[in-house]
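Computed from the coordinates by the stated procedures, all read-outs in this text should not be read as laboratory data. This structure is a prediction, so every number in the text was calculated from the model and none was measured. Glycine also receives a Cβ, built like all others from the backbone with ideal geometry; neighbour counts cover every protein chain displayed.
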Amino acid sequence: MTYPMNIAGLRRELPLCAVSEELYIGAFICFGDAELTVACARDLLNLLTPDSYDYLLTAEAKSIPLIHEMARQSGADKYFIARKKPKVYMPNPLHVQVKSITTAGTQDLYLSREDANLLQGKRVVLIDDVISTGGSIAALEELVALAGGTVVERIAVLAEGDAADRSDIKYLEKLPLFRADGTPIA
């Protein structure tokens, strides 16, 4: 089963994937879809006032092509990615835990101390491909706070389910949740 959507002016079929026996989600994946990544980056940048932020931040991994393209289109010299595991080149990283609808159990996010120092006192835009429960965005927000930065915007390509009703995020399209038979949940 798939769900047809127009996203950033492009038509895509999102595969429906089971979260539980009764709940399915539409899988939005930019990986490998250069046309969609470029279009989404363009439209997300249009949601932002150019001089209203200093840096862009996302969580590993699905939003990496998106944030890279946003940085390229906006002329940004640097952007940040919170990693799922600490790396040897990240001594004494900042660390938070997150629970996401698409990940079993809890997930860790790490920000290098070097990146954290650059975020101190800066205005940061948080980027995600899909905001559903808001867990990933909340974890990114916590990392920015620990680094001494300020979150000025939260943006995503899609807002899933109740996330579309949040007043603190901006997004391109609403993505419904689905029943096992593929019908959208209102």
Restricting to region 17-168, what percent of DSSP beta bridges are antiparallel, rounded to 5? 40
Long-range amide H contacts for Y3: which residues qualify at under 5 Å (H placed 1.01 Å from N, peptide plane, sequence gap of 5 or more or a different chain)? L14, L16
Student exercise: in the chain, how many lysine pairs 8 or more apart or on different chains have Cα atoms under 25 Å apart? 21
Which whole-number percent is the relative contact order of region 1-113 (Cα, under 8 Å, 6+ apart)? 17
Calculated from DSSP H runs of 4 or more alone, at -39500 (n - 2.57) each and per residue, what is the 222 nm mean residue ellipticity of the chain, nearest 500? -7000 deg cm²/dmol
Post the alpha-carbon centroid distance, region 150-167 to region 13-75, in whole angstrom. 12
Taking the mean number of other Cβ atoms within 10 Å as a proxy for protection, how do you rank 79-88, 4-13 from highest to lowest? 79-88, 4-13
